[in-house]
Amino acid sequence: MLKVAVPNKGVLSEASISMLQEAGYSTRRDTKELHLIDEINQVEFFYLRPKDIATYVGKGTLDAGITGLDLMLDSDSEAEIVEDLEFGASTLSLAAPAESGRSISDFNGKRIATAYSNLTKDLLAKQGVSAELIKLDGAVENAVILGVADAVVDVVSTGNTLRRAGLEIIGEPLMRSTAQLISSPGKKDLASGLLRRLQGVLVARKYVIFDFDCPVELLDQASQITPGFESPTVSPLQDKNWVAVRALVLASQTNQKLDELQNLGAKAILVSEIHAARI
């Protein structure tokens, strides 16, 4: 039975559970539930602190897990990244009072508080900055107000929490992070079934299906608008002058493609969401 770690709280938790549900797995119904066995799919889920997941997976205690790229790199775990799951986007940024400096290099030799000490040290070193790192576990934005640090490095989604603490983001983000599917060292094959299902969810979220009727003489032009993957599916209609066309289209391009097809002369254009897919 595949053993998989899932974040039990935080911004990644709900999104991870939602994705697993879309992939056909059983998930917990109570936030206090920390262990669940999905007998049908032969998967055992463990709901753990997000920052501990890479450690458990890296040591081989668990076969796979979902965690943030920032947490994965900060853990110094030997776990391997299998797939970018494209949710939970955030940045790891340096923040300080506006008058403290305008660039990251201004904080060379300063005190910086962070919950990501390993990762912060490496990222600052790449920019030629050496600082005294003060490791805290949560609520690092208060470190400057309390006089513990001159600046903080923290995960930023909207920046509202930092601004409320009187801090501003300095320079460009040190790194960008999203949720990752990770596996134990050398065991990516064990997670192949899970990977295929999650990839199917990613495709289903990213694409929609276009169905429309098209005059035969305009088929080549319509196919350029909606080429699909290999090519669109084309079926004859009772009226030999028309064909039915079906193709996958990026969801982000839906309205643009609707306009183009309608302007071309296509009729009965329908757009359908995808529940699941394998490409």
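Listing for the model above:
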read-out	value
Residue satisfying condition, being without any contact (Cβ under 8 Å) to a residue 12 or more places away in the chain, more than 30 Å from GLU168 (Cα to Cα) and among the charged types (D, E, K, R), within set GLU39, GLU14	GLU39
In region 92-137, residue farthest from the chain's Cα centre (by Cα) [restricted to those that are assigned to a strand (DSSP E or B) and surrounded by fewer than 16 Cβ atoms within 10 Å (Cβ to Cβ)]	GLU132
Single unsatisfied condition, THR67 versus (1) hydroxyl-bearing (Ser, Thr, Tyr); (2) without any contact (Cβ under 8 Å) to a residue 60 or more places away in the chain; (3) in contact with a helix residue (DSSP H, G or I) (Cβ under 8 Å, 6 or more places away or on another chain)	(2)
Test: residue in region 203-223 that is outside the structural domain of ASP122 (by TED's automatic domain parsing), outside any loop (DSSP other than H, G, I, E, B) and on the phi > 0 side of the Ramachandran plot	no
Residue in region 138-152 that is within 17 Å of MET72 (Cβ to Cβ), touching a residue at least 40 places away in the same chain (Cβ under 8 Å) and either touching a Ser or Thr at 6+ places or on another chain (Cβ under 9 Å) or not assigned by TED's automatic domain parsing to the domain that holds LEU123 (or both) present	no
Number of the exception - PHE46 against (1) at pLDDT 95 or above; (2) closer than 20 Å to GLY200 by Cβ	(2)
Selected residue (criterion: farthest from LEU270 (Cα to Cα)) from residues of region 224-251 that are in a loop (DSSP other than H, G, I, E, B) and hydrophobic (A, V, I, L, M, F, W, C)	PHE229
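The values are calculated or read from the model by the stated rules, or taken from the named source; none is laboratory data. From a predicted model like this one, the values you see are computed outputs, not experimental measurements. All Cβ positions, glycine included, derive from the backbone under ideal geometry; neighbour counts span all protein chains shown.
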